[in-house]
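Visitor: Next up is a structure, given as structure tokens.
Each value in this text was obtained by applying a stated rule to the coordinates, not by laboratory testing. Treat the numbers as computed from the prediction; the structure is a model and nothing was measured. Note that each Cβ is placed from the backbone with ideal geometry, even for glycine, and that neighbours are counted across all protein chains shown.
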Amino acid sequence: MFSSQEQSILGGIVIFYFLFLFAISFYINKKSIKTYDDYNVAGRSVSMFPLILTFLGTAIGGSTLLGFMTNGYNFGMGQHWLNFSIFITGVFMMFFFLKKIRAYGEKYDMVTIADYTTLRFGEGARFPTVISILIAYCAITGMQFIAIATILNLTVGISITAGIIVSWIMLSIKTYYGGMKSVIWQDAFHGTIQTVGIFILFIVVIIASGGWSQISENAAALGEGANLSVFSISTTEVLVYLLTIGGYQFVRQDLWQRFWAAKDVKTASIGYWISIILALVTGIFVIMIGVAGKYGLDMGEINPTLAYYAISEHVFNFPMVIVMIIALLATVISTADSFFMAGASSIVNDVIRPRMEVQDDRKLLKYSRLSVILVSLLALVLALYIPNLVDLWVTGTAMLVSALVAPVTFGLFWKGTTKIGGTVGMWVGLFVAVGWQLTGHPFGIHPVFLGLPISIILTVAISLMTQSKNAKGQLEKAAL
């Protein structure tokens, strides 16, 4: 795709870019990161502009830019349901969840979702929450390793496996030093680059394709006009996207942490609302670029997984291709380090901290950094095991949704949810989803179609059965 000279130039730029980001992380580490809260929730003082862009930078990752475009190229406009699923649940999150989550975080100085589930359901809920978070976030972090590996494969010419290992090393070192403060400020920079880059690519591709009417004619001539309909997708696929990638929005630890990192609830609300609209528009553009690339550009046969690179190279000269590679790097990195932090927070806050006799802030900061390394190792294994972007994303989110969505949602909105109901719902939902995944989806049933309903039923049923016992116990205590 690129000549050896072009590969050398691109490789040098990629290396320089990582060194630049590492320098920023190291600087912020020296100047601003003094406490455990600084490292994990940016001191709970983030203002509007960086908050909007860190929401956006985290939402639009390698799986979105590369995976969405590949799916759009392969399967057509029906893949918008990937994007709609995120937006629909994002709207629910905005209007029904955000203020409750923020209020709990402010009152109890929460750092992770397990802080909430433990408060609501007792210490027995902490462990299944941590396992679910780690499975999901290690999988999603692994996605970013794969995305960067494809960039390195094309720019430097190294294998995907070697690229995954190199990206693991570079991202781990950068995140180890920077913490959440570095992540958020770099996301502000990355979010700007990726949004402008995707918008420019969309406009140029549509013009180069001759407009949407020409794209429609070309698709019809190939007998694939149905692929231009948003309904060119099965109901099962839509439900999988809604229940996994969509449902995951309710229990995204990185999202909860940003609600808590904002300087106030108004900043969190406005910032999140703007970001989900921008993310929706960006996702629409990305999928339409993939569709237009297939039916509007005369590129011949290409590898669909390389659609982003092939389309960029087809419509731009080499200097602009460099800009698009930087936009892609910005997109991937802004997501990767955010998920690093979300997973690492669970280890230090929910596994190490409760076992410390003395809450020493310096030790917690040290353990936070070491937790980043542990998360990176788990993510590396998953990236090597499932080297497919969207599959890895759906797999990770299915585990998280099956375990946490029902107990967390009922816990927030139904006072009758009991400790044992929530905890059993978590454990069984998680075990069913993981077991079904490991056995290879028997009968073609996706794990989330079993794990989530079972978790809902058990959370509700056991809560109803144990409510009277809880009430009786409280009355007996009151009598004493």
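Visitor: Quick one: Debye curve from the alpha-carbon atoms of segment 251-294 only, equal weights, vacuum; give me log10 I(q)/I(0) at q = 0.19, 0.28, 0.30, 0.32 Å⁻¹ to two decimals.
Guide: Relative scattering, expressed as log10 I(q)/I(0), comes to -0.65, -0.93, -0.99, -1.04.
Visitor: Which whole-Hz couplings ³J(HN,Hα) result when phi for each residue of segment 404-418 is put into the Karplus expression 6.51 cos²θ - 1.76 cosθ + 1.60, θ = phi - 60°, listed in order with x for Gly and Pro?
Guide: Running phi through 6.51 cos²θ - 1.76 cosθ + 1.60 with θ = phi - 60° gives 10, 4, 5, x, 5, 5, 5, x, 6, 10, 10, 5, x, 5, 9 Hz.
Visitor: Now a separate question. Using the Kirkwood radius over C-alpha pairs as Rh, can you work out the diffusion coefficient of segment 289-419 via Stokes-Einstein at 37 °C, viscosity 0.692 mPa s, in µm² per second? If you can, show how the numbers build up before the last one.
Guide: On the way: Rh = 18.9 Å.
Once the numbers are plugged in, D ends up at 174 µm²/s.
Visitor: Next question. If you take the square roots of the eigenvalues of the alpha-carbon gyration tensor of segment 281-330 and sort them as a ≥ b ≥ c, do you get rounded (a/c under 1.5), prolate (a/b over b/c) or oblate? Write down the numbers at each step before the final one.
Guide: Numbers: a/c = 1.80, a/b = 1.16, b/c = 1.55.
Oblate.
Visitor: Taking 45 Å as R0, compute the FRET efficiency from the Cβ-Cβ separation of residue 220 and residue 160 and round it to 0.05.
Guide: Numbers: r = 36 Å, r/R0 = 0.80.
The value I calculate is 0.80.
Visitor: Still on this structure, I have one more. Any idea what the relative contact order of the chain is, in percent, if you count C-alpha pairs under 8 Å spaced at least 6 apart?
Guide: Numbers: 794 pairs, mean separation 144.2, N = 480.
Once normalised by length, the contact order is 30 percent.
Visitor: Still on this model: Quick one: what are the phi-derived ³J(HN,Hα) couplings along segment 196-208, Karplus 6.51/-1.76/1.60 with θ = phi - 60°, whole Hz, x for glycine and proline?
Guide: In residue order, the calculated couplings are 5, x, 5, 4, 4, 4, 4, 4, 5, 5, 5, 5, 5 Hz.
Visitor: With the radius of gyration and the Kirkwood radius both derived from the Cα set of segment 4-390, what is their ratio Rg to Rh?
Guide: Working: Rg = 20.6 Å, Rh = 21.2 Å.
Rounded to two decimals, Rg over Rh is 0.98.
Visitor: Could you tell me the largest-minus-smallest coordinate of the C-alpha atoms of segment 325-378 on each of the three principal axes, in descending order and whole angstroms?
Guide: For segment 325-378, the Cα extents along the three principal axes come out at 48, 20, 13 Å.
Visitor: Counting only residues 5 or more places away or on other chains, whose amide H sits under 5 Å from the amide H of residue 262 once H atoms are built in the peptide plane?
Guide: Those lying under 5 Å, H to H, from residue 262 are 46.
Visitor: Let me have the 222 nm mean residue ellipticity of the chain computed from DSSP H runs of 4+ only, each contributing -39500 (n - 2.57), with the sum over all residues rounded to the nearest 500. Could the numbers behind the result be given before it?
Guide: Working: 20 runs with 358 residues, N = 480.
Per the formula, -25000 deg cm²/dmol.
Visitor: Given the pairs 99/263; 30/107; 107/415; 99/366; 30/363, which span a C-alpha to C-alpha distance of over 25 angstrom in this model?
Guide: Details: 99/263 13 Å; 30/107 30 Å; 107/415 18 Å; 99/366 32 Å; 30/363 17 Å.
30/107; 99/366, as the Cα separations exceed 25 Å there.
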